[in-house]
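All remarks here apply to the structure that follows.
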Amino acid sequence: MALLRQSHKAKGTAWLILGLGAALSGCGTTAYVDSRREAGQTTPVGMSNPNRVAICYSKSATAAAEVEKLAESECARTGRVPQFSAEERWGCTMIAPRRVFYSCVAKP
């Protein structure tokens, strides 16, 4: 009986450690462009396209300057600059819940 209790406690501890690890792994999440594509397709299914950049990030893990720099690099691909458009909560994943939109506009 005692062996059974020890086994049950060990499993509970393992699940607790696994859960904490999963929760803390989101703390270091970097921002990313939501430009998903289906396998073998060239058109995006994510929210980004050449005229609008959608960036997913965690406000607690990513500085605003980092998000803006990512938007600048994406718009630079078409020779334009980003202009803030909108932001939404819970638009992406649980570890990167915010999605911010930038329109790529002509350089001033």
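The values are calculated or read from the model by the stated rules, or taken from the named source; none is laboratory data. All values derive from a computational prediction rather than experimental measurement. So basically every Cβ, Gly included, is an ideal-geometry build from the backbone, and we count neighbours across all protein chains shown.
Each residue in the stretch 94-108 was checked for being in contact with a strand residue (DSSP E or B) (Cβ under 9 Å, 6 or more places away or on another chain) and in a loop (DSSP other than H, G, I, E, B), and 5 of them qualify. Of the residues making up the stretch 24-81, those that are assigned to a strand (DSSP E or B), out of contact with any Gly (no Cβ under 9 Å at 6 or more places or on another chain) and at pLDDT 90 or above are Arg52, Val53, Ile55, Tyr57, Val81. Among the residues of the stretch 82-108, those that are buried (at least 16 other Cβ atoms within 10 Å of the Cβ) and without any contact (Cβ under 8 Å) to a residue 60 or more places away in the chain comprise Pro82, Gly91, Cys92, Pro97, Arg98, Val100, Phe101, Tyr102, Ser103, Cys104.
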